[in-house]
Every structure is written in C-alpha cells, then in structure tokens.
1. With θ taken as phi - 60° and the coefficients 6.51, -1.76 and 1.60, list the Karplus ³J(HN,Hα) couplings across the stretch 465-481 in order, rounded to whole Hz; mark glycine and proline as x.
2. What ranking of Y16, Y119 comes out by heavy-atom accessible area, probe 1.4 Å, highest first?
3. With label points built 7 Å along Cα→Cβ from the Cα atoms of Q212 and Q50, find their separation and express it in nm.
4. Please work out how much accessible surface K377 shows to a 1.4 Å probe, ignoring ligands, DNA and RNA, in Å² rounded to 10.
5. Top to bottom by accessible area (1.4 Å), largest first, where do H69, H124 land?
6. Using θ = phi - 60° and the Karplus curve 6.51 cos²θ - 1.76 cosθ + 1.60, what whole-Hz ³J(HN,Hα) does each residue of the stretch 49-65 get, with Gly and Pro shown as x?
7. How far, in nm, would the chain grow between A317 and Q364 when pulled straight, counting 0.36 nm per residue and subtracting the alpha carbon separation?
8. Which semi-axes, in whole Å and largest first, does the equivalent ellipsoid of the chain have when worked out from the alpha carbon gyration tensor as the square roots of 5 times its eigenvalues?
Amino acid sequence: MLRLADISDPDNLNEYLSTMDLAYFLSSLMYSYMVVANDRGQLEGDLATQVPTLRNGGISADGKTYVYHLRRGVRWQDGVPLTSGDVKFSWQAVVNPDNNTLHREGYTEISSIDTPDRYTAVVHLKRRYPPFVSKFFTPLQEGGKPILPEHLLGRSKSINQVPFNAAPVGSGPFRFVKWDRSREIVFERNPLYYRGVPKLQRVEFYVIPNDQTILNEVRLHHIDLVASPAVTQYEQYRGLSDVTTHLYPWNSQVLLIINNSKPGLNDVRVRRAITWAINYDALIAKLTHGTAQPAYDFIPPTALGYTKGPPYSYDPARANAMLDAAGYRRGADGVRARAGVRLEFTLDSISGSASLRMTAVQLQQYFAAAGIRMNIKEYAYNDIFTPEGPIYSNKYDFAIYGVTLTWDPDMSFYIGCDFFYPRGENVYRYCNKQVDGYERAGLATDDPAKRAEAYHSAERLLWSTVPYVPIYERRRISIHSPDLRNLKINPSSTPWYNIWQWDI
C-alpha cells in the first residue's frame, strides 16, 4: 500500500472541472490519456498506439487531419470496452457550453471527429494548428484532460454536477473506492488495466492540512509520499536520514508579471531596468533553498525553439543608469518620475503562501534601490484569478505567482496583440508585431525544424523586450520513502505517468 498526503482535498475528481495540481496528480491513478510524456521529456502514446507525426502519416500534409489509432483491449474499470466513440464524446464534453470546462485551447480548433471503427479516431481541424498533439487529451500542461466514458456520461446535458465527479470510473491503473471528504481518498488496483496489473494493491490519500504535520508523519513513517512538499521545508526533509529527497525537472516558473499598458511600465527601458534590479541568485538560494534554478527562456526546455541564452542578471548599477538615461529622476522621497509619470506601483500576490510573500518583500527592497516604489497587496487564491480580480480586469501593475508552462512553444494566445483578455490570455497587454510574425510563422508549418527556427527568433525578441520576468524555474521536489521503487517523474503538470509500475 502507498500512502500519500497533501494539505487539502481536490475540488473534485473530474479533471475537466479543475486546475488544482492535486487533481492532476490523482488523475494519474484513475484515467488514461491519448499521449503522455516520459521522464526524459519525450512524448509517447498512452491510449494511442503512437504519437501522430508527419513522418508516420498521423498528420496530413495540410496539417488539418490527425489520425489516432487506439490500443486494443482497453476497458473501463466497470468492464465496458473503451472505443473511439469515447474519444469523440470526450471532445464534445470539452466544447459543450453547458459544461464549466476549464481550458479549451486546441479543442475549439476541431471541426469534427470521425470514428470509422472502434479503434480509430480521425480528427479534422478548421485550420493548421501544430500545437494540437500536445493539447488533445494530454496531461502535459494546466488544463490537461483524460478520456471520459460515454456510456456513463453521454446522457447528461452537463457534467458539472454529476455524481461521477466524486466517484469516477476511469481506465487507469487504479479504481476509485471511496472519498471521505477532508480526510482520505482510497484507490485499489485495477485488474483490467491494459498495461498489466499494477504492482501496488492500494493507494490511500490523506488530507493533512498542515505542512509541519505532514513532515512529522513522514518522519514517523506514516506517509510514503508527499504530493506537494513545501519548499520552505526542503532542508528539514533532507535532514531525515530515512527519507529520499530528489529534485526533478519541471516545466514551471515563478513569474513577475507586468501590466505593459500602465504608464511607466509601457516603457521598455523601465522593464529592462527591472530585470537588472532583481537578485535572482539570492532569491533562489534563500527563498527556494536551492531547489529552483535560473530561467533562460519563456518556454520550457522540452519545447521546440527553446533558446538558452544568458539569463537575466542582477546589476543594480546598470538598472539605475538605464533609468537615469531614460529621464526618470529621483524625487525627495527617492522615487523616480518622468513627465508626470511616477514609478510607484502595486505588487499583487496570493495570500497564504509564505514563499510568495517573502519573494514579494525581497522584490520590494530590490526595486526601492532602483528608485521604484512597490506596494504589496495580497488576495485570496480564488479572488486574484477571477474575471473580476485585478489581473483579468486589468487593474494590476505587477503580480507574482507560479505557472506550469505549455508544452508547445506557441505563445500567441498569451502574448499576441490580438489576444488581450478576454479574447485570449494576454493579461500582460504586451504587443509586438514582429513577435507576432514569428509566432505566426511557427504556426504555419508542422515541420519541427522550421517551427524551431521561428520560435528561436521569437524567444530572443521576447527576452529583450520583457513582457514579464521569469524570476526562476522551479524544480519538482520529491519526498518519499526509500522503500518506494520504480518512481519516475516527468516535467509536465501531471508527473506520475508510470504509477502502475511503482512498488513498495
């Protein structure tokens, strides 16, 4: 038996309706996907026999048709065969306006899905869309989705409130047994799992709403694996002689996001000065206890076109010289101003996160040394990201939070001139026509080499024009019993891709 712990329950057990990291983790137990990533950051088929490419004929020459061949013999945990009809139904569930499905990127590019037989799904797109393979029922980034059973959900007008969300039936290695809310969730191995019977008989997830209590339970050998260890306790875990600690690559960054439309921040010289005002090495060493590492690009190392150039560096003299040259003069209170524009801003952060709070305080000090005043304001997690919250309502100056990066290098939805929220996720209000051109070139072909060339150009220009600042790249902390064997972790938002092979 494997015993897991985290500080809270998931909001539900249907990944379509959640963006909680914990929901992604637990989905690894219950569900299957079309394509997953392995621990080397390579894509491989899960329900699909192979990843569609131009070379294997899975992608048509015009980039508008994708063919997925399903593995034979896959069954839902109630014994019903999984077929291409479930794939088509799952797509319809994602785009159904009656469902509160989060993240529909990629799925709305589909015009239709044909199911010529039980083991083939032919997906027709409205236009060429090269990121499609990384979006379509994969767990690679936030908003990942598994295949759902049509025979259990197909008659529901909406999946928002169905009993399935608290007692799901999947096709993954473990079947749901019970959920005692705020206490535990129990899973047992699925003898019908298509890859073979999992080695673990049972998985028990415990809700322990205090990080220190979780650490104590690990010390007492009552817990075998911590789902999301607190970075502030990393050194304490490392000090336990009978606990295994490890750092894995993770496509995740902590960002200082910038509202490029605000006076002062719409000046690229100010944004560049900000990059030099931050002591990244000190933040990594002191606040992440060395678990993070410098960020070299806006896209992850697994993405086509990843460009590992010089990272942003700490150079306060250069920051001050840049602001002086730009005409921003210090006033009697030390705050710079130019032509009536005063460099005084608010930094919005998430309450309850000790790490983010300490980072915000350090940034406040760094900015003050450059003549920029930063006032800190905290919001509850559920408030800061709502449509009425400061970020999406365009009422913020700066904000700080962590994100899981998208697998594909296409960032047009996030930084494109035509994708200001609510048309897209460009909450930075960044617009650079030349960057848009490179992004369009990356979407104009399915050839990996040509796409990489376009994104190399886009990333270099983005880095120099600073739409926002990646403060550091996070690594995933693994805390587990040394008796846990065959554990592998991938860099995506759903890292437990081989949990059927784990043993203890």
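1. 9, 6, x, 7, 10, x, 6, 6, 9, 7, 10, 7, 8, 10, 10, 7, 5
2. Order by accessible area, largest first: Y119, Y16.
3. With each label placed 7 Å out from Cα toward Cβ, I get 5.6 nm.
4. Around 100 Å² of this residue is reachable by solvent.
5. Details: H69 85, H124 50 Å².
Reading off the accessible areas and sorting them downward yields H69, H124.
6. Ordered by residue, 3J(HN,Hα) equals 5, 7, 7, x, 9, 5, 5, 8, x, x, 10, 6, 4, 8, x, 10, 10 Hz.
7. Answer, rounded to one decimal: 15.2 nm.
8. Whole-Å semi-axes of the equivalent ellipsoid: 39, 29, 20.
The values are calculated or read from the model by the stated rules, or taken from the named source; none is laboratory data. Only a predicted model underlies this, so the values are computations on that prediction, with no experimental measurement involved. For neighbour counting, all protein chains shown are included, and Cβ atoms are generated from backbone atoms with ideal geometry for every residue, glycine included. Ligands, DNA and RNA are stripped out before the accessible areas are found, and what is left, the full protein with its side chains, is counted by its heavy atoms. Shrake-Rupley method; radii C 1.70, N 1.55, O 1.52, S 1.80 Å.
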